[in-house]
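Notes to accompany the following structure.
All of the numbers you see were taken from the coordinates with simple rules; none came from a lab. Predicted model, so just to flag it, every value in this text is computed and none were measured. Backbone-built Cβ (ideal geometry, glycine too); neighbour counts: all protein chains shown.
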Amino acid sequence: MAREGNREAVPMSGRIYNGRLMSAIALPSISLVTPSFNQGRFLEQALRSIHDQRYPRLEHVVMDGGSTDDSRAILQRFEGLASWTSEPDGGQYDALERGFARTTGEVMGWLNADDLHTPWTLWVVGEVFARFPQVEWLTTLYPILWDANGRAVQVGYGGGFNARRFRRGHNLPGRGWFAGGFVQQESTFWRRSLWERAGARLDTSLSLAGDFELWARFFEHAQLWAVAAPLAGFRRHGDQKTAHEMDGYLREAEGVLRRRGFTPPGGFPAFFRRNLTRAFGARPLFRIPPRVGRTLTRLKLVQPAPVCVWRDGGWELRTDYVI
């Protein structure tokens, strides 16, 4: 980081979008942790997707679980990491928890060693957190799926997020009730202050759905904002745990909800929401008239979902709706 006299010069954002120079804002420091185990064939590409963005206030820690492939050699020659270690651990969430304990950044997140950021991820995240102090955690409206070669093969509208809907199973598809999409872990970032209020920990008793359990605790403290830009993506290659253990993930995640009093949604509202979605498809609803949105909310057919959209050369906070 550059220094001015005896004090550090905080990097400012003055990026050009649509021919307009944004006013300078102080960017937050971002801490990322990458857990890895025998992911050498993907690891360097994941690291490059982060570091090639050249975000000026990045702190990146890699926690390797004692890999026996070429992961260690990759880490030894890779420049720019704040720290890395390669030793046996208690699993992914144990590695992440120990990795986060090494970090100091204002904003936090993690990227698994076989997943990828987009070239603009950290800049968008940094600018949104810098401009809007009310945003305590952030994800994307448009999750990406990468193939084994790192090519984007699917980008869809995932919809906004609402705490009530989350607690009613809306973000846990595949369990037999009407649901939307997951909160995409690769695209989710949060302020350290929220992490600390939520206990500054991961549930290491879970082997698969530790991210879902963390989201459940975050929703107890703050609403989740979704930005209308792709941020990162999950790489589908067949060797990851979720490819073989998705049923186990869903069971663990449902257990997280049931411990909080969850009962599967049903009745007319669920019937109406399912058929409304089938009729109109998944699409942003933040352009519907506010009076219509309030009426549908009172009828419990939709719930408000906070979003961040690009308009007239800058980010703007709006209200979307979750069916």
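Taken along the Cα-to-beta-carbon direction at a fixed 7 Å, the label points for ALA82 and THR68 span 3.2 nm.
Helix-only mean residue ellipticity at 222 nm, the chain, DSSP H runs n ≥ 4 weighted -39,500 (n - 2.57), per residue, nearest 500. What is it? Write out the running numbers ahead of the final one.
Details: 10 runs with 101 residues, N = 323.
So the helix-based figure for the chain works out to -9000 deg cm²/dmol.
Pick out, in residue order, every one of the GluC sites (Glu not before Pro) in the stretch 192-252 that is DSSP loop and has at most 14 other C-beta atoms within 10 Å; say none if there are none. In loop regions of the stretch 192-252 (DSSP not H, G, I, E or B), the sparsely surrounded GluC sites (Glu not before Pro) are GLU220.
Computing Rg and the Kirkwood Rh from the Cα coordinates of the chain gives a ratio, Rg/Rh, of 0.96. Among the trypsin sites (Lys or Arg not before Pro) within the stretch 217-323, those in coil by DSSP and having at most 10 neighbouring Cβ atoms inside 10 Å are ARG259, ARG287.
Based on DSSP, what percent of beta bridges with both residues in the chain are antiparallel, to the nearest 5?
Values: 24 of 48 bridges.
The answer is about 50 percent antiparallel.
Given 4 °C and 1.567 mPa s, compute D for the stretch 132-323 with the Stokes-Einstein relation, Rh being the Kirkwood radius over Cα pairs; round to the nearest whole µm²/s. Before the final figure, lay out each step's value.
Working: Rh = 17.5 Å.
Diffusion coefficient, whole number: 74 µm²/s.
What FRET efficiency would be calculated for the residue pair ASN275, SER207, taking the C-beta separation as r and a Förster radius of 51 Å, to the nearest 0.05? With R0 = 51 Å, the Cβ-Cβ based efficiency is 0.90. LEU301 to ARG260: FRET efficiency via 1/(1 + (r/R0)^6), r the Cβ-Cβ distance, R0 25 Å, to the nearest 0.05? That gives a FRET efficiency of 0.60.
Tell me, how many Å apart are the Cα centres for the stretch 158-178 and for the stretch 85-129? Each part's Cα centre sits 25 Å from the other's.
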